[in-house]
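What follows is a short report on a single structure.
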Amino acid sequence: MEADGQNEQGDACPTKASDNAIALEMCMKIRIDEFKRMCFLLKECKDNKYYKLTCDSWAEYVASVGLTLTRANKMIKFAHVYGAILKQVDYDSSLLGYVDEDRLLNDWLPCVKYDKNTGAVEDVGNAVELLGQATTLSYSDFQAVKDQYKQTEQHPEVQPVLSEGPVLDENKNVIGNYRTTKATGKQHYFTVSILDDYIKINEGQELKVSLGK
């Protein structure tokens, strides 16, 4: 007697495996289609203030449908951006069939430049290309693409100004060390290490230090 989805040898049954794959793909497509519909309905609800029929505020309405404000705002922005793309280019919406909605909201959306005043996506070709990569690449591969894009477009790489050096206390004693990590053009990031003995001696007190030259 065969176990469900297995043949007599205990291996996966090809027919069952194929049926499973087809059913899973259909579920994923339905899921993303419903997600897109939710985004557009949420946008319409806020634009036309439909939420006032049942709630006193937008925040109350968002909570009543099981969303956080952060999530709802991202979904509305997605509706604006995705709707603009469909108007600007001949994009096949079926290509968005199996992508996870969190990848759209958290990874792809921040990479898209959208002009609220014109209601258009800037560099729409690049936005569509990134969307295609979001639907086909693995999580780690798309993270690399996203990071590279953000570094190039939003924070051009610059030469770090700080280099490794000492951390000094108010009396100019060396109590630790700092090391540069990266510079984005807007901010300079570095790590600071403080000696354990200094932390123990000054426990509970305000730490006043400076970077040595």
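Each row is one residue, and each column tells you yes or no for (1) outside the structural domain of I32 (by TED's automatic domain parsing); (2) at pLDDT below 90; (3) within 30 Å of I194 (Cβ to Cβ); (4) among the hydrophobic types (A, V, I, L, M, F, W, C).
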| position | (1), (2), (3), (4) |
| --- | --- |
| Y82 | no, no, no, no |
| K87 | no, no, no, no |
| V121 | no, no, no, yes |
| L130 | no, no, no, yes |
| I175 | yes, yes, yes, yes |
| T181 | yes, yes, yes, no |
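Looking across region 21-45, the residues that are touching a helix residue (DSSP H, G or I) at 6+ places or on another chain (Cβ under 6 Å) and either farther than 26 Å from V112 by Cα or without any contact (Cβ under 8 Å) to a residue 60 or more places away in the chain (or both) come down to C39, F40, L42, K43, C45. In region 187-213, the residues that are without any contact (Cβ under 8 Å) to a residue 60 or more places away in the chain form Cβ pairs under 7 Å with partners that are exposed (fewer than 12 other Cβ atoms within 10 Å of the Cβ), at six or more places apart or across chains, as follows: H188/V161; Y189/T181; F190/T181; T191/T181; K208/E170.
Here's the yes/no breakdown for (1) at pLDDT 90 or above; (2) of a type in the set (A, V, I, L, M):
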site: M26; (1), (2): no, yes
site: R37; (1), (2): yes, no
site: G66; (1), (2): yes, no
site: L69; (1), (2): yes, yes
site: A72; (1), (2): yes, yes
site: S94; (1), (2): no, no
site: N106; (1), (2): yes, no
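Looking across region 147-173, the residues that are loosely packed, with under 11 Cβ neighbours inside 10 Å, of a type in the set (S, T, N, Q) and either part of a strand (DSSP E or B) or at pLDDT below 80 (or both) come down to Q148, T152, Q159, S163.
The values are calculated or read from the model by the stated rules, or taken from the named source; none is laboratory data. As the structure is a prediction and not an experimental result, all values here were calculated from the model. Note: ideal-geometry Cβ built from the backbone for every residue, glycine included; neighbour counts use all protein chains shown.
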